[in-house]
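> To start, I am sharing the structure in question, which I have written as structure tokens.
The values are calculated or read from the model by the stated rules, or taken from the named source; none is laboratory data. Just so it is clear, the structure is predicted and the values come from calculations on it, not from any experiment. Note: ideal-geometry Cβ built from the backbone for every residue, glycine included; neighbour counts use all protein chains shown.
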Amino acid sequence: MTIVGVALPSIKADLGFSSNSIAWVVNAYLLTFGGCLLLGGRLGDLYGHRRLFLIGLGVFTLASLGCGLSNPSSPPFRSAS
């Protein structure tokens, strides 16, 4: 169940979720992950697996670079500090 399984105790404690609410979080994550997996497979069939992998790698690299070069006081990071 990847990162959601690790984050469940923090989600429950920080947001005050009940056990029933945590089940909704897990279900929402799994449905979203499954849908993206199906979409990625279909796009791979249409455009080629290698091309799609390289596009994904490029997007990931640019996003990582953007996060690394961002200012920690910018709005997405302001709530964490």
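> If the requirement is being in contact with a Leu (Cβ under 7 Å, 6 or more places away or on another chain) and either in a helix (DSSP H, G or I) or in the same structural domain as ILE3 (by TED's automatic domain parsing) (or both), which of these qualifies: LEU37, LEU43?
Values: LEU37 fails: in contact with a Leu (Cβ under 7 Å, 6 or more places away or on another chain).
Result of the check over LEU37, LEU43: LEU43.
> Of the residues VAL4, VAL59, which is surrounded by 10 or more Cβ atoms within 10 Å (Cβ to Cβ), assigned to a helix (DSSP H, G or I) and touching a Phe, Trp or Tyr at 6+ places or on another chain (Cβ under 6 Å)?
On the way: VAL59 fails: touching a Phe, Trp or Tyr at 6+ places or on another chain (Cβ under 6 Å).
Selected residue: VAL4, the only one of VAL4, VAL59 that is surrounded by 10 or more Cβ atoms within 10 Å (Cβ to Cβ), assigned to a helix (DSSP H, G or I) and touching a Phe, Trp or Tyr at 6+ places or on another chain (Cβ under 6 Å).
> Are any residues in the stretch 62-81 at pLDDT 80 or above and surrounded by 10 or more Cβ atoms within 10 Å (Cβ to Cβ), and if so, which ones?
Of the residues in the stretch 62-81, the ones at pLDDT 80 or above are 62-69.
LEU62, ALA63, SER64, LEU65, CYS67 - these are the residues of the stretch 62-81 that are at pLDDT 80 or above and surrounded by 10 or more Cβ atoms within 10 Å (Cβ to Cβ).
> A follow-up question, please. Just name the residue that is nearest to THR2 (Cα to Cα) out of those in the stretch 22-55 that are of a type in the set (Gly, Ala, Ser) and in contact with a helix residue (DSSP H, G or I) (Cβ under 8 Å, 6 or more places away or on another chain). It would help to see each step written out before you state the result.
In the first step, residues of the stretch 22-55 are kept if they are of a type in the set (Gly, Ala, Ser); the result is 23, 28, 34-35, 40-41, 44, 48.
After this cut, where a residue has to be in contact with a helix residue (DSSP H, G or I) (Cβ under 8 Å, 6 or more places away or on another chain) as well, the list is 40, 44.
Working: GLY40: 18, GLY44: 23 Å.
Here the answer is GLY40.
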